[in-house]
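J.: After the structure tokens below, expect a handful of questions from me.
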């Protein structure tokens, strides 16, 4: 990491992760983690209450981080998504399981049958909360890319990155994608991406597109 780039993080901390985004004519909340009722949530809420344009909004945070809401919003935006279903315990491998439990964030990829009951009991907190189950097509694999203001350093995912930014307004995110054996991409999940984890190339892209003084 060059000497100049860590200064961006220092400035971001001083500015409470808020920067002006000229291309979008809005402020962006660069906290990278947008869980409900966390500091970033309230920071965006303060801007919204003042009538100031900022992304993500509280609604965008909720839609992005609740798995079935994310999938339906992505589908309505024209993105390809995997087949999925909600369950209180039953599921059939191969599958990606996401909790719909505000106190649990860890997902699980289950490729083979044999431990469904034990896994379901754990993921649902003893069958209390629902889970979102995304079907894995034969020969598919789960991959990730990092979203930075509608851009990614991975060229093959740049169209998806741009569409996710337009649809969800999330500036920084780790994106899960299911890649089928035929090479089709199914958008699967958005999760937090702390700005302190950005690579030099990602920080340089961010620095190029934001301003600290409007």
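J.: With respect to residue 130, determine if the residue is surrounded by fewer than 21 Cβ atoms within 10 Å (Cβ to Cβ) and either modelled with pLDDT under 95 or touching a strand residue (DSSP E or B) at 6+ places or on another chain (Cβ under 8 Å) (or both). Even if it seems obvious, please write down each step before you answer.
T.: Working: surrounded by fewer than 21 Cβ atoms within 10 Å (Cβ to Cβ): yes; either modelled with pLDDT under 95 or touching a strand residue (DSSP E or B) at 6+ places or on another chain (Cβ under 8 Å) (or both): yes.
Yes: the conditions hold for residue 130.
J.: Then there's this: For residue 183, are the conditions met, namely being touching a helix residue (DSSP H, G or I) at 6+ places or on another chain (Cβ under 6 Å) and either surrounded by fewer than 18 Cβ atoms within 10 Å (Cβ to Cβ) or without any contact (Cβ under 8 Å) to a residue 24 or more places away in the chain (or both)? Step through it out loud before you land on a result.
T.: Working: touching a helix residue (DSSP H, G or I) at 6+ places or on another chain (Cβ under 6 Å): no; either surrounded by fewer than 18 Cβ atoms within 10 Å (Cβ to Cβ) or without any contact (Cβ under 8 Å) to a residue 24 or more places away in the chain (or both): yes.
Judged against the criteria, residue 183 is not a match.
J.: Quick check on residue 106: is it over 19 Å from residue 66 (Cβ atoms), loosely packed, with under 15 Cβ neighbours inside 10 Å and either in contact with a helix residue (DSSP H, G or I) (Cβ under 8 Å, 6 or more places away or on another chain) or not assigned by TED's automatic domain parsing to the domain that holds residue 21 (or both)? Walk me through it before giving the result.
T.: Working: over 19 Å from residue 66 (Cβ atoms): no; loosely packed, with under 15 Cβ neighbours inside 10 Å: yes; either in contact with a helix residue (DSSP H, G or I) (Cβ under 8 Å, 6 or more places away or on another chain) or not assigned by TED's automatic domain parsing to the domain that holds residue 21 (or both): yes.
So residue 106 fails the test.
J.: Tell me yes or no: at least one residue of region 80-88 is within 21 Å of the chain's Cα centre (by Cα), surrounded by fewer than 14 Cβ atoms within 10 Å (Cβ to Cβ), without any contact (Cβ under 8 Å) to a residue 12 or more places away in the chain and within 19 Å of residue 190 (Cβ to Cβ).
T.: No, region 80-88 has no match at all.
J.: Given the conditions (1) touching a strand residue (DSSP E or B) at 6+ places or on another chain (Cβ under 8 Å); (2) under 19 Å from residue 167 (Cα atoms); (3) surrounded by 20 or more Cβ atoms within 10 Å (Cβ to Cβ), report the number of the one that residue 12 does not fulfil.
T.: Of everything listed in (1) touching a strand residue (DSSP E or B) at 6+ places or on another chain (Cβ under 8 Å); (2) under 19 Å from residue 167 (Cα atoms); (3) surrounded by 20 or more Cβ atoms within 10 Å (Cβ to Cβ), residue 12 misses just condition (2).
J.: Can you find a residue that is assigned by TED's automatic domain parsing to the domain that holds residue 24, at pLDDT 95 or above, in a loop (DSSP other than H, G, I, E, B) and surrounded by 15 or more Cβ atoms within 10 Å (Cβ to Cβ) anywhere in region 194-214?
T.: no
J.: Another question, if that's okay. How many residues are assigned to a strand (DSSP E or B) and within 11 Å of residue 190 (Cα to Cα) if we restrict to region 152-180? I'd like the intermediate steps shown before the answer.
T.: Initial filter on region 152-180 (assigned to a strand (DSSP E or B)): 172-179.
Filter once more, keeping what is within 11 Å of residue 190 (Cα to Cα): 172-177.
The number of residues fulfilling the criteria is 6.
J.: From the list 93, 56, which residue is more than 30 Å from residue 162 (Cβ to Cβ), surrounded by 13 or more Cβ atoms within 10 Å (Cβ to Cβ), in contact with a helix residue (DSSP H, G or I) (Cβ under 9 Å, 6 or more places away or on another chain) and at pLDDT 95 or above? Working first, answer last.
T.: Details: 56 fails: more than 30 Å from residue 162 (Cβ to Cβ).
So the residue among 93, 56 that is more than 30 Å from residue 162 (Cβ to Cβ), surrounded by 13 or more Cβ atoms within 10 Å (Cβ to Cβ), in contact with a helix residue (DSSP H, G or I) (Cβ under 9 Å, 6 or more places away or on another chain) and at pLDDT 95 or above is 93.
J.: Quick test of your reading of the structure: residue 11 fulfils all but one of (1) more than 17 Å from the chain's Cα centre (by Cα); (2) at pLDDT below 90; (3) in a loop (DSSP other than H, G, I, E, B); (4) on the phi < 0 side of the Ramachandran plot. Name the failing condition by number.
T.: That leaves (3) as the condition not met.
The values are calculated or read from the model by the stated rules, or taken from the named source; none is laboratory data. What you are looking at is a predicted structure, and each value in this text was computed from that prediction instead of being measured. Note that each Cβ is placed from the backbone with ideal geometry, even for glycine, and that neighbours are counted across all protein chains shown.
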